[in-house]
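Here's the structure we're looking at; comments come further down.
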Amino acid sequence: MARDPLSVVRESLQALADDGLAAMAAHWDEEIEWRAIEGAPDDVGEMQGRERVRRYFQEWVDLFDEITNVPEELVDLGDGYVLALQHATGRARLSGAETEMRFAVVYLVRDGKIVRGREYMDRAKALDALRQD
């Protein structure tokens, strides 16, 4: 029985919290496509493939102690799309500065795997981008 997209996204984020990045990556398709927030300091453009996306996330994990990424809201948008409003926190390893941000991710799930993710500054920007697709 196929898992619904909302469950796949929820389970992937819970896997990160419980067991780390490798557990989260197990929920991704081998050819996953990912895009960080356009124009953000970590914007490296389109990324493709599980290993490349895992390296992107690993860079974040390596920068922070006590890093968290908690979904505050998950919305099934239909056709395999899920909107996740996420709250990330951490303490920078080098400076000790506390960091906190809220952002949105639009996930696309096919055959029980996340095949695409797009990060946005907030819910409104994520929904606007979906309407333009």
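The values are calculated or read from the model by the stated rules, or taken from the named source; none is laboratory data. What you are looking at is a predicted structure, and each value in this text was computed from that prediction instead of being measured. Note that each Cβ is placed from the backbone with ideal geometry, even for glycine, and that neighbours are counted across all protein chains shown. The area values use the complete protein model at the heavy-atom level, side chains included, leaving out ligands, DNA and RNA. Shrake-Rupley method; radii C 1.70, N 1.55, O 1.52, S 1.80 Å.
Taking all protein chains in place and a 1.4 Å probe, what share, in percent, of the accessible surface of the chain do carbon and sulfur account for?
Numbers: 3800 of 7570 Å².
Exposed carbon and sulfur together represent 50 percent of the surface.
Quick one: helix 5-19 against the long Cα principal axis of the chain, what's the angle to the nearest 10°, folded into 0 to 90?
30
What percent do you get for the relative contact order of the range 66-133 when only Cα pairs under 8 Å and 6+ apart count?
Once divided by the residue count of the range 66-133, the mean separation gives 24 percent.
For the range 76-84, take each phi angle, set θ = phi - 60°, evaluate the Karplus expression 6.51 cos²θ - 1.76 cosθ + 1.60, and give the result in whole Hz per residue in order, putting x for glycine and proline.
7, 9, x, 6, x, 8, 10, 9, 10
Two decimals, Cα atoms only, Kirkwood Rh: what is Rg/Rh over the chain?
Result for the chain is an Rg/Rh of 0.94.
Going by average Cβ density within 10 Å per residue, which order do the peptides 47-59, 103-115, 23-35 take, highest to lowest?
Answer by packing, highest mean first, reads 103-115, 23-35, 47-59.
Between R110 and W60, what length comes free when the chain is fully extended (0.36 nm per residue of separation minus the Cα-Cα distance, one decimal in nm)?
15.4 nm
Percent relative contact order of the range 1-82, based on C-alpha pairs within less than 8 angstrom and at least six residues apart? Spell out each step's value before the answer.
Working: 74 pairs, mean separation 25.6, N = 82.
Here the relative contact order equals 31 percent.
What's the local net charge at D65, with K and R +1, D and E -1, over the other residues with C-beta under 12 Å away?
-1
Averaged per residue, what accessible area in Å² does the chain show with a 1.4 Å probe, protein chains only?
Result: 57 Å² of accessible area for each residue.
Run the simple label-point estimate for D43 and Q14 please: 7 Å along Cα→C-beta, distance reported in nm.
Reported label-point gap for D43 and Q14 is 3.4 nm.
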